[in-house]
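Here the structure comes first, spelled out in C-alpha cells, and everything after it is commentary.
The values are calculated or read from the model by the stated rules, or taken from the named source; none is laboratory data. Every value quoted in this text rests on a predicted model; they were computed, and no experiment measured them. Every residue, glycine among them, receives a Cβ derived from its backbone with ideal geometry; neighbour counts consider all protein chains shown.
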Amino acid sequence: MEVKHKPGLVRSFLSRLDKIRSLQREGDKSRSRSARWDEVRDEHLASYPFCLACGGRDLLQVHHIVPFSVAPDLELVGSNLVTLCMGAFDCHLYIGHGGSFRFYNPHVLEHAGAFQAAAVGGRLRLLKEAKDSRRR
Ligand SMILES: [Zn+2]
Ligand SMILES: [Zn+2]
C-alpha cells in the first residue's frame with residue numbers, strides 16, 4: 001500500500017471497528033435467546049438467502065423486525081424475521097436499526113423493499129427515513 005492512501009485506510013479500519021463493536025453489542029443481547037434460535041435462523045437463511053434491501057448475499061444476518069428486547073415472544077416467529085446484510089451497504093445496521101443497534105426501525109419492510117429499486121438519491125432518502133423512524 002502506498003503511504004498517500006494511509007488516511008483512507010485508517011478511516012476504513014475505524015469504520016470496520018465500529019461495525020464489529022455494533023455487532024458485538026447486538027450479540028450480547030442474545031445471551032438469553034432460545035436454544036432453537038440457531039436452527040430457526042439457518043432455516044430462514046435457507047429460504048431467504050439474500051438481503052431484502054440490496055439483494056446482496058454477503059454477510060447475511062437474520063434481523064428481528066420487532067427486537068427480542070421489546071417482544072421476546074416473537075423471537076422465533078417467521079413473520080418477524082427478515083434477511084438483511086452487513087455487506088456493501090450495511091443494510092442490517094442502517095435499514096434494520098436506523099444506524100445504531102440500540103434502536104430498531106418499525107418500517108424496515110417498507111424501507112428495505114423500496115431500497116433495491118431506488119436510485120442513489122432515493123436510497124439516501126430511505127436511509128434518512130429509517131434513521132428518523134427508529135425507536136428504542
Ligand atoms: Zn443489503
Ligand atoms: Zn437486527
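Selection of the range 68-88 for residues being within 14 Å of ligand 1 (Cβ to nearest atom) and modelled with pLDDT under 95 yields only Ala88. The number of residues in the range 97-125 being free of Cβ contacts under 8 Å to residues at least 40 places away in the same chain and within 12 Å of ligand 1 (Cβ to nearest atom) comes to 1.
Across the range 33-59, the qualifying residues are those that are of a type in the set (Phe, Trp, Tyr) and within 16 Å of ligand 1 (Cβ to nearest atom), and the one among them that is nearest to the chain's Cα centre (by Cα) is Phe50.
Tyr94 fulfils the conditions (1) within 9 Å of the chain's Cα centre (by Cα); (2) more than 10 Å from ligand 1 (Cβ to nearest atom); (3) not in a loop (DSSP other than H, G, I, E, B) except for a single criterion, (2).
Against the list (1) within 12 Å of ligand 2 (Cβ to nearest atom); (2) under 12 Å from the mean Cα position of the chain (by Cα), the condition Ala88 fails is (1).
Within the range 28-67, restricting attention to residues that are surrounded by 11 or more Cβ atoms within 10 Å (Cβ to Cβ) and modelled with pLDDT under 95, the residue that is farthest from ligand 2 (Cβ to nearest atom) is Ser34.
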